[in-house]
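Inspection log for the structure reproduced underneath, given as structure tokens.
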Amino acid sequence: MSLEFAPGKTRIGWIGTGVMGSSMCGHLITAGYEAVIYNRSAEKAAKLIAQGARLVESPAAVAAAADVVFSIVGYPRDVREVILGPEGVLSKAKPGSVVVDMTTSEPALAVEIASLAKTVGVHAVDAPVSGGDVGAREARLSIMIGGETGVVQALQPLFEKMGKTIVHQGPPGAGQHTKMTNQILIATNMIGVCEAMLYAYKAGLDLETVLASVSSGAAGSWSLSNLAPRMIAGNFEPGFFVEHFLKDMGIALAEARRMKLALPGLALAEQLYRAVEAQGLARKGTHALLLALASLSKVEWNSKKSH
């Protein structure tokens with residue numbers, strides 16, 4: 001594989017400049033990569049434009065100007081539109097270029113994209129990430145990759161500007177399957193974190209003191225260390241949207257059905273997050289599950305007091 005990407009030589013394209021995408025693209029610009037970007041809401045691209053990125057009118061225009069196109073959008077339907085649609089990446093991508101979808105999406109769609117990309121001489125990689133807004137901002141995401149070995153190796157210098165744990169999982173679709181594994185782990189862990197914080201609150205404990213005791217032992221987790229402090233502060237703004245987590249759990253449950261797997265813990269978590277959505281909290285962070293659980297017991301969450 002003769003692919004080689006480097007600052008000053010490689011022009012990147014970026015589609016999706018939301019909570020995570022803006023930081024991720026920003027790291028590549030800071031590293032010296034010239035960037036062409038597209039976002040449906042142009043105002044969300046302002047920060048990257050200020051860093052020197054050039055905003056264009058469509059995913060196709062991004063692809064026409066770039067050697068490597070990254071996308072991180074909301075849902076599988078958005079991935080299909082920006083990569084496979086009439087004005088999508090593959091409609092104008094240059095032969096020998098690479099499209100890297102970093103959205104958490106359907107494994108089968110990743111396989112489909114890779115197959116269709118090959119017919120026009122383009123390489124495709126699925127590379128979903130974990131770490132939320134903080135991981136994106138601090139360039140320490142976990143990146144889970146599916147694709148051809150040579151292409152993935154060539155992309156390594158770019159991935160290293162965005163993440164700390166970068167693992168090639170296998171052929172197209174393998175990155176998405178690994179991200180589903182990640183989301184299944186998070187789903188039931190979030191129930192435990194939120195129930196534990198609610199219990200400590202109702203018992204009248206000092207939540208910060210409790211966190212100091214439990215976060216570094218066997219009960220510790222990323223969600224506990226990173227999201228429990230936000231709960232204590234009453235900050236339920238998203239590092240990762242509830243509505244996107246519901247999308248991910250839906251994909252994982254569909255894959256489980258296809259594989260004839262019973263995953264009752266995941267099904268329970270999905271139902272609890274439906275309650276979060278029903279309470280009008282779909283655009284809050286995943287830790288807003290705490291508020292839905294509190295409402296089940298008619299507890300009004302005010303972390304500065306105990307009940």
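The values are calculated or read from the model by the stated rules, or taken from the named source; none is laboratory data. Everything numeric here is computed off the predicted structure, so don't read it as measured data. Methodologically, a virtual Cβ is constructed for each residue, glycine included, from the backbone with ideal geometry; neighbour enumeration extends over all protein chains shown.
Observations on the model:
- Residues of the range 91-145 satisfying the condition of being assigned to a loop (DSSP other than H, G, I, E, B) and within 19 Å of the chain's Cα centre (by Cα): 102, 103, 104, 105, 106, 127, 128, 131, 138, 139, 140
- Considering each residue of the range 125-132 in turn, none proves to be in contact with a His (Cβ under 6 Å, 6 or more places away or on another chain) and surrounded by fewer than 24 Cβ atoms within 10 Å (Cβ to Cβ).
- Yes/no for residue 1 being of a type in the set (A, V, I, L, M), within 21 Å of residue 148 (Cβ to Cβ) and at pLDDT below 95: yes
- Taken over the range 1-55, the criterion of being in a strand (DSSP E or B), within 16 Å of residue 68 (Cβ to Cβ) and among the hydrophobic types (A, V, I, L, M, F, W, C) is satisfied by 12, 14, 15, 35, 36, 37.
- Residue 118 meets each of the listed conditions (1) farther than 27 Å from residue 286 by Cα; (2) of a type outside the set (Val, Ile, Thr); (3) touching an Asp or Glu at 6+ places or on another chain (Cβ under 9 Å) apart from (3).
- Those residues of the range 74-87 which are touching a residue at least 24 places away in the same chain (Cβ under 8 Å), over 15 Å from residue 115 (Cβ atoms) and touching a Pro at 6+ places or on another chain (Cβ under 9 Å), in sequence order: 82, 85, 87
- Looking at 148, 160, 195, just one residue is under 30 Å from residue 274 (Cβ atoms) and charged (D, E, K, R), and that residue is 195.
- Qualifying positions in the range 266-301 - farther than 20 Å from residue 176 by Cα, assigned to a helix (DSSP H, G or I) and over 20 Å from the mean Cα position of the chain (by Cα): 268, 271, 272, 275, 278, 290, 291, 292, 293, 294, 295, 296
- Every residue from the range 232-244 that is under 25 Å from residue 104 (Cα atoms) and either over 19 Å from the mean Cα position of the chain (by Cα) or not in a loop (DSSP other than H, G, I, E, B) (or both): 235, 241, 242, 243, 244
- Residue in the range 174-195 that is in a loop (DSSP other than H, G, I, E, B) and under 16 Å from the mean Cα position of the chain (by Cα) present: no
- Some residue of the range 246-259 being under 24 Å from residue 105 (Cα atoms) and assigned to a loop (DSSP other than H, G, I, E, B): yes
- Restricting attention to the range 203-220 and to residues that are among the aliphatic types (A, V, I, L, M) and assigned to a helix (DSSP H, G or I), the residue that is nearest to residue 232 (Cα to Cα) turns out to be 207.
- Applying the set (1) free of Cβ contacts under 8 Å to residues at least 40 places away in the same chain; (2) out of contact with any helix residue (DSSP H, G or I) (no Cβ under 8 Å at 6 or more places or on another chain); (3) not acidic (Asp, Glu) to residue 204 leaves exactly one unmet item: (1).
- Condition broken by residue 168, with the remaining ones in (1) surrounded by fewer than 24 Cβ atoms within 10 Å (Cβ to Cβ); (2) in a helix (DSSP H, G or I); (3) assigned by TED's automatic domain parsing to the domain that holds residue 59 satisfied: (2)
- Some residue of the range 190-203 being among the basic types (Lys, Arg) and not assigned by TED's automatic domain parsing to the domain that holds residue 256: no
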